[in-house]
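One structure is given here, and the rest of the page talks about it.
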């Protein structure tokens with residue numbers, strides 16, 4: 001890959017962390033889904049949709065409501081970079097990453 005080349009940056013939704021403190025990047029909760037032992041969130045971040053799956057060990061529907069501003073951070077060891085021109089690889093990766101989550105084109109900076 002070369003500087004300026006457009007790529008897909010893919011991250012597993014389980015590797016997205018949501019926090020109430022000011023650590024990370026600012027985002028806004030768009031939706032939340034109660035899934036029993038987990039909560040699934042769709043978060044708007046830098047004009048991109050990011051999905052997060054967070055543990056819900058108590059199994060109760062206690063969540064961040066839509067419209068709530070929050071902070072998100074990422075576990076960098078779970079990022080995958082794919083060349084944008086390889087659409088079939090994106091399909092394979094999205095199946096691996098779990099239901100096509102958190103896929104956004106980005107540019108590699110030098």
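The values are calculated or read from the model by the stated rules, or taken from the named source; none is laboratory data. Keep in mind that this is a model prediction, so the values were computed, not measured. Cβ sites come from the backbone with ideal geometry, for glycine too, and all protein chains shown count toward neighbours.
Residues that are over 12 Å from residue 24 (Cα atoms) and touching a residue at least 40 places away in the same chain (Cβ under 8 Å) within region 65-76 comprise 68, 69, listed in sequence order.
If a residue has to be modelled with pLDDT of 65 or more and outside any loop (DSSP other than H, G, I, E, B) to count, how many in region 52-101 make the cut? Residues flagged as modelled with pLDDT of 65 or more and outside any loop (DSSP other than H, G, I, E, B) within region 52-101 amount to 18.
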